[in-house]
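The values are calculated or read from the model by the stated rules, or taken from the named source; none is laboratory data. Just so you know, these numbers come straight off a predicted model, no measurement behind them. Please note that ligands, DNA and RNA were not included when accessible areas were found on the heavy atoms of the full protein model with its side chains. Shrake-Rupley method; radii C 1.70, N 1.55, O 1.52, S 1.80 Å.
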Amino acid sequence: IRTGVYAPAGPPFDYEAALRQVRLPVLGLGLRGDTLTTAKATDLLCRKLAACTIEREQFDPGLDVRRGDAVHFRWARQPANVAQRVAGWVLALSPA
């Protein structure tokens with residue numbers, strides 16, 4: 001995450017090339033106030049998905065937290081607002 005290059009240790013696999021091959025709609029949802037995964041980091045990841053149609057959004061998850069790093073983890077314990085936003089996006093993709 002800090003380098004912007006996806007090359008985890010383990011079996012040899014070209015994650016960067018794999019990301020360029022993805023052809024799906026993507027919701028690049030950043031959480032407003034998150035200090036661990038910033039808007040810039042999310043933008044960089046979205047750029048790797050060059051063949052995708054990307055909707056990019058900074059979203060306020062409505063969490064009661066005082067520290068920015070807490071946003072990064074707390075949304076999973078209080079997922080209602082994020083889940084509702086993602087569900088709305090998925091439903092908008094679906095044909096009527």
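In this structure the amide hydrogen of Arg56, modeled in the peptide plane, comes within under 5 Å of the amide hydrogens of Gly28, none closer than 5 places in sequence on its chain. Computed from backbone phi, the HN-Hα couplings of region 86-91 come to 5, 4, x, 5, 4, 5 Hz, rounded to whole numbers (Karplus: 6.51 cos²θ - 1.76 cosθ + 1.60, θ = phi - 60°; Gly and Pro given as x).
Could you work out the relative contact order of the chain, using alpha carbon pairs under 8 angstrom and six or more residues apart, expressed as a whole percent? The value is 27 percent. Pop out the carbon and sulfur fraction of the accessible area of the chain as a percent, whole number, probe 1.4 Å. Ligands and nucleic acids excluded, carbon and sulfur give 58 percent. Sequentially through region 36-43, phi angles give Karplus couplings (6.51, -1.76, 1.60; θ = phi - 60°) of 8, 10, 7, 4, 4, 4, 5, 4 Hz, Gly and Pro residues having no value and appearing as x. Entry for the chain at q = 0.19, 0.22 Å⁻¹: log10 I(q)/I(0) = -1.03, -1.18, Debye formula applied to identical alpha-carbon scatterers, no solvent contribution.
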